[in-house]
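Throughout, read-outs are computed from the coordinates displayed, never taken from laboratory work. Fair warning: this is a prediction, and the values are worked out from it, not measured in the lab. Here the Cβ positions follow ideal geometry from the backbone for every residue, glycine too, while neighbour counts run over all protein chains shown.
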Amino acid sequence: GESVGLHLPTLSVQEGDNSIINCAYSNSASDYFIWYKQESGKGPQFIIDIRSNMDKRQGQRVTVLLNKTVKHLSLQIAATQPGDSAVYFCAENISGNTGKLIFGQGTTLQVKP
Amino acid sequence: NAGVTQTPKFRVLKTGQSMTLLCAQDMNHEYMYWYRQDPGMGLRLIHYSVGEGTTAKGEVPDGYNVSRLKKQNFLLGLESAAPSQTSVYFCASSYQEQRYFQETQYFGPGTRLLVL
């Protein structure tokens with residue numbers, strides 16, 4: 001069946017270090033992937049996205065890597081800051097199923113000062 | 001732009017009561033969605049709409065109904081609330097056109113519902 005999963009429920013990093021949050025997906029038909037950040041008491045907020053015809057995309061302090069061979073997605077956050085503390089979700093869109101996203105369970109990022 | 005707004009922010013219901021959650025967006029998005037989020041879990045799609053007057057079932061539609069009478073509004077109804085429907089409900093909206101690289105969904109702040 002379909003599933004999107006994150007490898008670790010909680011990730012704790014030191015302020016200033018780089019963070020890597022991982023996600024595995026199982027549907028090879030997925031063609032679009034998104035990372036969301038959710039702070040406590042708020043709705044998910046878009047961070048970065050990537051299409052399946054790319055293997056890397058960079059934003060401001062964030063990079064998403066896509067490895068279609070092993071169906072793996074990662075979010076890298078450079079110089080992690082206290083404000084990055086949140087739950088991070090990956091989501092996939094299956095080709096031809098525009099608009100319907102499948103979300104992973106989330107990884108909680110804790111940034112230690 | 002206010003983006004996506006949801007009302008109410010919090011509600012307590014007794015088992016068997018009914019209520020309607022309202023979602024509104026001012027981005028002229030075609031698609032709108034209702035999700036529920038339970039502790040330690042990701043978001044699960046309840047119902048969605050690809051345009052005014054249309055609705056479709058998502059992953060967990062049982063116990064819920066929706067209506068999209070106006071493009072900017074998407075209503076989620078609980079006809080007879082059950083404790084299992086205690087959750088945080090998020091509404092989202094998105095563009096339709098494939099030309100947009102960011103087919104991302106924009107989320108509202110959520111509605112916390114407690115069913116006793």
(request) Mind scanning A:37/B:71; A:100/B:57; A:37/A:112; A:71/A:100; A:37/B:9; A:42/B:71 and naming the pairs with a C-alpha gap bigger than 22 Å? (result) A:37/B:71; A:42/B:71
(message) Spelling out what I want: for every residue of segment A:49-64, take phi, set θ = phi - 60°, compute 6.51 cos²θ - 1.76 cosθ + 1.60 (Karplus), and round to whole Hz; glycine and proline get x.
(response) 9, 7, 9, 5, 8, 10, 10, 7, 8, 10, x, 7, 6, 10, 9, 10
(request) Report the local net charge at residue A:82: Lys and Arg +1, Asp and Glu -1, summed over other residues whose C-beta lies under 10 Å from its C-beta. (result) -1
(message) Quick check: net charge around residue B:109, other residues with Cβ under 13 Å of its Cβ, Lys/Arg +1 and Asp/Glu -1?
(response) +2
